[in-house]
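Visitor: Take this structure, written in structure tokens, and hold onto it; I'll ask about it next.
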Amino acid sequence: MQCGGASHATPGAPYFTEFIDGRRGEILDAALAVFATKGYECGTMREIAAELGVTEPALYRHYAGKEALFADLLGVAGDQVVERASALIAALDPARVRESLLGLISARRTHVPHDDSTKPVMRMLFTAAPHNGAFREVIRDHLAGPMLELMRMFIPRVDAYYGIVRSQEETTGSLRIFMSLLVGYVMTGMMLDVPDDDEGVVDAMVAIMGWDAPAA
């Protein structure tokens, strides 16, 4: 990959410093700005240090290198998403599952900017993480795994209300379909210039899961 010359990252709204006090949050926000502008491969510790207003050796006192810093960024971001999603999913009402799912999607937009500023960050995550085993493991441990466990508890709760009994294999398949629709829709909405269709997607999720008629 060819990388251009040094360029100053475009500062965005603080993200990590909103919930992490001190230098760690500031470093992660500086790294996010640089990686979103230059990409993981081309962003450097020197540029992150400059964004932060410190020397490069000072930055190395906090992180051993760029990979360790990026892994921490992924882990902290994943933990934050799961923490917020946990409360939202726990509050979902099986008797109003359609309205609850619409509210879940709407709430995700409240916590993740739904504009052009998000796209470079999402592209950076999707291009860097899949090609690095360490990053994939961080995403599994801090985001994908915990989210799957949340949904494993949610789906049987709704199934029980609608009188649906699934085998373990069927539950696993349903979980995969459900997560693919939900996560795929939210992510593509943040990355692509396409109109939102919350109601259409939620209608598809409800129909596929069989949640359109409660048990008699």
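Visitor: By how many nm would the segment from Thr172 to Glu41 lengthen if fully extended, with 0.36 nm per residue of separation less the alpha-carbon distance?
Guide: Here the answer is 43.6 nm.
Visitor: Net charge near Cys3, counting Lys/Arg +1 and Asp/Glu -1 over other residues with Cβ under 14 Å of its Cβ?
Guide: Net charge around Cys3: +1.
Visitor: Another question about this same structure. Sorted from largest to smallest, which semi-axis lengths in Å does the alpha carbon gyration tensor of the stretch 7-63 give for its equivalent ellipsoid, taking the root of 5 times each eigenvalue?
Guide: Result for the stretch 7-63: semi-axes of 16, 15, 9 Å.
Visitor: Enter the Cα centre distance for the pair the stretch 17-90 and the stretch 127-160, rounded to the nearest angstrom.
Guide: 21 Å
Read the figures in this text as sums done on the coordinates, not as results from a lab. If you're wondering where the values come from, they're calculated on a predicted model, not measured in any experiment. Using ideal geometry, Cβ is built from the backbone for each residue, glycine included, and neighbour counts are taken over all protein chains shown.
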